Amino acid sequence: MKRSLGKLVALLILSVSGWGATYQWKTLEAPQSLYVHQSGVVRYECSFSTNAADYTIDFKPAGNESYKASILTQRDRIVAGKRIQTFDVLITPIKEGKIEVSLEALIRHTTFASIENASIGRDNVKKYDFDDEKVQLPKVMLIAKPNSAALSGELTLEVQIDKQSAVAHEPVHVSLYLRGRGNLDQYPPYELNISGVSVFAEEPMRDISPDSAGYVGEIRQEFALVSDKSYVIPKITIDVFDTTTQKLKQLQSDSVAIEIAQGYEPSNLLDPPTLRDWSTLARYSLYGALVLAGVALGEGARRLWKLRPRRKAKQFWDEAKSSKELMMLLSLSGDKRYELIIAELEAGTAQLSEAKKKLDKLTTDK
């Protein structure tokens, strides 16, 4: 692509006078040739003879069947008291051959009387008064060269695969990234077809912004692959017209083999283990031994709990030093349960220690 910077200033100049200021449109820069789907910038300038505060420019470039047109940037500035407005228009040919770029702009002039009437709120003034005039911008001629690739620019391809082995019906995720500068807005969704594999594709996600080459940024497309057998992800190829070398090239990734291991069959999930399989038999024998050991430990702990030493509660007769003293304490208690033990102590048939044991037993039985 060749650009002439400043050489087209004298191409076509449009000068209009009328509403107290004159303005002039000219072409500052334009490509002489582009390839189909390649974008180029045409720079227009409108210069006024004054600061032109009462003028506005409504410029919305529209393409046709030969090219697409859109505003890339615009700049409005005052130089030496004169207003200069510059527009960068992105032109993209969509078919080959000679192309004439012919665009229109709307020059809108607001009268100061209208501004004054509206600002002081006169009842008979409902809105500003405008004087509008359509202006034909200088025409630009360029040659659109043939290009069979849908994409053009300075682009790179990257493909990421999250795993190279999986079990049957487990998804394998593939991420496709297309990055760089060019007509990324025209990216057609990639179709990935693999025999015996179910392919689920998402819509491309675009993170792009306008650029002098068209757009700059990244396109991302996600795939999920599901199969019950091993397969190969083929090379992913995208044809691109490289605007740097002015040649068609093919962006390509490597093919990747995916190993699929068999998973569990639903019909076999409840099947009993085969006893001929010694590893399975040993495993289940260990499980049974662990269960029996747990039962035995529980029973042993229960019995030991019963045999644990218990702390004896202190009784009022523990302080008795003789049979006579014990007999007196029991009599003072007034409890009829002790009458038999008192009688034994009086008759001398029971000693002090024997009487205390009987009292302890009598209390425990209760």
Would you kindly state how much longer the chain becomes between GLU133 and GLN250 on full extension, computed as 0.36 nm times their sequence separation minus their alpha carbon distance, in nm to one decimal?
-> 37.2 nm
Work through the residues other than GLY180 whose Cβ is under 12 Å from its Cβ and net out their charges, Lys, Arg +1 and Asp, Glu -1.
-> -3
Multiply the residue gap between GLU170 and GLU65 by 0.36 nm, knock off their C-alpha separation, and tell me the result in nm, one decimal place.
-> 33.1 nm
Count the net charge of all other residues whose Cβ sits under 15 Å from the Cβ of GLU158, scoring Lys and Arg as +1 and Asp and Glu as -1.
-> -3
Any chance you could look up the accessible area of PHE241 with a 1.4 Å probe, heavy atoms only, rounded to 10 Å²?
-> 10
What does the highest-first list of 288-301, 172-185 look like by mean Cβ count within 10 Å?
-> 172-185, 288-301
By how many nm would the segment from LYS98 to THR156 lengthen if fully extended, with 0.36 nm per residue of separation less the alpha-carbon distance?
-> 17.8 nm
Taking 7 Å along the Cα-to-C-beta vector as the label spot, tell me the ARG302-ASP335 distance in nanometres, rounded to one decimal.
-> 3.3
What order do LYS356, LYS98, LYS247 take when sorted by accessible area (1.4 Å probe), most exposed first?
-> LYS98, LYS247, LYS356
Rounded to the nearest 0.05, what FRET efficiency do SER322 and TYR284 give with R0 = 51 Å and r taken as the Cβ-Cβ distance? Could you check?
-> 0.15
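The values are calculated or read from the model by the stated rules, or taken from the named source; none is laboratory data. From a predicted model like this one, the values you see are computed outputs, not experimental measurements. Positions of Cβ are generated from backbone atoms using ideal geometry, with glycine treated the same way; all protein chains shown enter the neighbour counts. Accessible surface is based on the protein model in full, side chains and every heavy atom, while ligands, DNA and RNA are left aside. Shrake-Rupley method; radii C 1.70, N 1.55, O 1.52, S 1.80 Å.
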